[in-house]
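*Asks:* For reference, the structure I am asking about is given below.
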């Protein structure tokens, strides 16, 4: 799952949402990825492997909001979050430069990563926002990821075995990219 997330993050950043230096609002940090994912799913944000940025403490998983292109925009988000009791310890962090190479190298060889990226399909769709209370209320991009898999088939009448390709949507929790700020906003369950 980490490899898929990093691959998607790398692809999304290559279309202009991540800058040479990014600012994040950090709401929590964990040493175990699953703990960070559980926290992000329950309180919002998304999980960033801190090894992906030069200015972050290594070997951690941070629950973040962002990335933001300026400290000013990140500070504004922090101000809004601090009004909520859950985020009293949140802070703004200049993450430094994006460096996916070392992160990916720990878990997968470049050949495997290249093969994985060749199989993934990332679709970014522009949306106007504000159509319902469960989506961002401003223009955003919806990001979806799929992969082509192969199902084994068998024709009983002809006695022939074969293969049939099938596109499989990857449920990575889903996220949006807010156009105004470049922030990655995790889709959450909406009770409205």
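Where a number appears in this text, it was derived from the coordinates with a stated rule and is not lab data. Not measured: the values here are computed from a predicted model. Neighbour counts run over all protein chains shown; Cβ positions are idealised from the backbone, glycine included.
*Asks:* Select from the range 83-100 the residues that are out of contact with any helix residue (DSSP H, G or I) (no Cβ under 6 Å at 6 or more places or on another chain) and assigned to a loop (DSSP other than H, G, I, E, B) and write down the one among them that is surrounded by the fewest Cβ atoms within 10 Å (Cβ to Cβ).
*Replies:* Step by step, filter the range 83-100, then rank; the result is 83.
*Asks:* Can you tell me which residue in the range 57-77 is farthest from residue 97 (Cα to Cα), limited to those that are surrounded by fewer than 23 Cβ atoms within 10 Å (Cβ to Cβ) and in contact with a strand residue (DSSP E or B) (Cβ under 8 Å, 6 or more places away or on another chain)?
*Replies:* Of the residues in the range 57-77, the ones surrounded by fewer than 23 Cβ atoms within 10 Å (Cβ to Cβ) are 57-60, 69-73, 75-77.
Applying the additional criterion that residues be in contact with a strand residue (DSSP E or B) (Cβ under 8 Å, 6 or more places away or on another chain) yields 57, 60, 69-71, 73, 75, 77.
On the way: 57: 13, 60: 17, 69: 12, 70: 14, 71: 15, 73: 18, 75: 19, 77: 21 Å.
Here the residue is 77.
*Asks:* While we're on this one: Looking only at residues in the range 29-47 that are part of a strand (DSSP E or B) and free of Cβ contacts under 8 Å to residues at least 40 places away in the same chain, which one is surrounded by the fewest Cβ atoms within 10 Å (Cβ to Cβ)? Spell out how you get there, then give the answer.
*Replies:* Residues of the range 29-47 that are part of a strand (DSSP E or B), as a first pass: 29-30, 46-47.
With free of Cβ contacts under 8 Å to residues at least 40 places away in the same chain added as a condition, the list becomes 29-30.
On the way: 29: 19, 30: 17.
Applying the filter and picking the extreme gives 30.
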